[in-house]
Amino acid sequence: FIYLVYDLYLRNIFFHMHLLELQHLKKYFATQKAVDDISMQLSEGSIFGLLGPNGAGKTTLLRMITGIFYPDSGEILLNGKKFNPVNDVRSIGYMPEERGLYKKMNIGEQALYLARLKGLGRQEAMTRIKEWFIKFGMETWWNKKVEDLSKGMSQKLQFVTTVLHEPSLIILDEPFSGLDPVNANLIKDEIFALAKKGSTIIFSTHRMEQVEEICDHIALINKGKKILDSSVFQAKQQFKENIYRIGANILPEHLMTPAFQVVKHSPNEMLLKLTEGSQPNDVLSHFIRQGVQINSFQEVLPSLNDIFIKLVEGTTTARQFQPIND
């Protein structure tokens with residue numbers, strides 16, 4: 001009996017770990033395999049980066065998650081239950097790359113209308129709209145029309161209408177497009193705050209530096225297939241090349257040793273690639289024996305942009321690479 005209770009307890013923990021599960025999703029258009037047998041699990045409160053080149057299948061995948069498209073096969077689970085687009089749409093906030101705001105409609109009325117569509121009562125919707133408008137410096141926008149807004153201002157409005165009903169799953173497709181650095185940081189802070197409150201966020205963009213800064217987990221899609229699925233940390237560890245950067249007051253030009261190869265050299269900094277079997281301590285010991293005063297020493301990890309290019313352009317192909325999962 002004790003083992004049975006413990007098993008149920010563990011199952012309950014696991015059940016609550018994943019807000020969204022995609023199981024062997026497929027979607028074909030004529031002869032094109034837009035999404036070809038993709039499975040993923042998204043944890044509650046995670047910020048999940050969905051990456052891929054143009055035409056990789058990202059948009060099709062997002063449209064299946066939001067119920068716009070139905071998969072040809074496979075299953076979507078939301079909160080452990082089979083996804084029902086009609087009933088579950090209120091649990092989702094979707095900010096598409098191609099904006100869907102009504103250009104001739106007043107901004108305040110539009111925000112209220114979209115909030116009511118997501119199930120909020122008028123009074124609650126008004127309260128939340130005012131709070132968000134104040135937070136984003138939009139108090140004077142109420143009677144403006146969308147067509148009178150700049151692209152950055154439209155982005156802020158679209159973000160507010162996406163998260164206003166406090167969805168458990170938030171999908172943001174290129175949310176920083178057109179934003180200046182100040183407003184980009186404003187939205188970035190809100191993304192972190194929403195995740196901290198428990199919302200699961202899917203973040204799709206071509207800006208790899210934003211993914212590195214914001215996301216804790218990533219998936220890379222290419223030609224309809226998932227070729228990478230891991231934490232950002234794991235991805236960097238998977239593709240690192242044993243390269244280190246060492247800084248010193250003066251670095252001698254000729255440092256012959258079997259422990260490393262010099263990749264790049266300047267008077268005060270050097271990039272080194274460790275040879276097989278060598279350890280970082282071997283490098284440090286070598287420089288210390290040479291009387292070099294070391295100021296800094298750190299491993300150089302690949303950027304997500306480097307990993308993206310390596311996988312997509314064929315340095316490592318999908319067939320050669322086994323996806324790694326948490």
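The values are calculated or read from the model by the stated rules, or taken from the named source; none is laboratory data. Note that the coordinates shown come from a computational prediction; the quantities given were computed from them, not determined experimentally. Positions of Cβ are generated from backbone atoms using ideal geometry, with glycine treated the same way; all protein chains shown enter the neighbour counts. Ligands, DNA and RNA are excluded from the accessible area calculation, which covers all protein heavy atoms including side chains. Shrake-Rupley method; radii C 1.70, N 1.55, O 1.52, S 1.80 Å.
When each of the peptides 83-93, 121-131, 201-211 is scored by how many other beta carbons lie within 10 Å of its residues on average, the order from highest to lowest is 201-211, 83-93, 121-131. Among residues other than Ile218 with Cβ under 10 Å from its Cβ, the summed charge is -3 (Lys and Arg +1, Asp and Glu -1). About its Cα centre, the dipole of the chain is roughly 860 debye, where the only charges are +1 on Lys and Arg Cβ and -1 on Asp and Glu Cβ. For the residue pairs Lys223/Lys310; Lys82/Lys196; Lys197/Lys226; Lys144/Lys197; Lys188/Lys240, the C-alpha atoms sit more than 20 angstrom apart in Lys82/Lys196; Lys197/Lys226; Lys144/Lys197; Lys188/Lys240. In the set (1) 40, 25, 19; (2) 37, 22, 19; (3) 43, 27, 20, which value of semi-axes √(5λ) of the Cα gyration tensor in Å was calculated from the structure you see? Working out semi-axes √(5λ) of the Cα gyration tensor in Å from the coordinates points to (3). What the chain shows is 55 Å² of accessible area per residue, with the surface traced by a 1.4 Å probe over protein heavy atoms. Per residue, the average separation of C-alpha pairs within less than 8 Å and at least 6 apart gives region 68-189 a relative contact order of 36 percent. Shape class of region 23-86 from the alpha-carbon gyration tensor: oblate, with a/c at 1.5 or above and b/c at least as large as a/b. Rounded to the nearest 500, the 222 nm mean residue ellipticity of the chain from helices alone is -10500 deg cm²/dmol, with -39,500 (n - 2.57) taken per DSSP H run of at least 4 residues. To the nearest ten degrees, helix 122-135 and the longest principal axis of the Cα atoms of the chain are 30 degrees apart.
Listed peptides 104-115, 257-268, 58-69 appear in the order 58-69, 104-115, 257-268 once ranked by packing, highest mean of other Cβ atoms within 10 Å at the front. Counting only alpha carbon atoms, the long axis of helix 280-289 and the longest principal axis of the chain meet at about 40°. Looking at region 65-131, the pairs of alpha carbons with a distance over 21 Å make up 39% of the total. Stretching Val263 away from Lys144 to a fully extended chain increases their span by 37.2 nm, per 0.36 nm per residue minus the current alpha-carbon distance.
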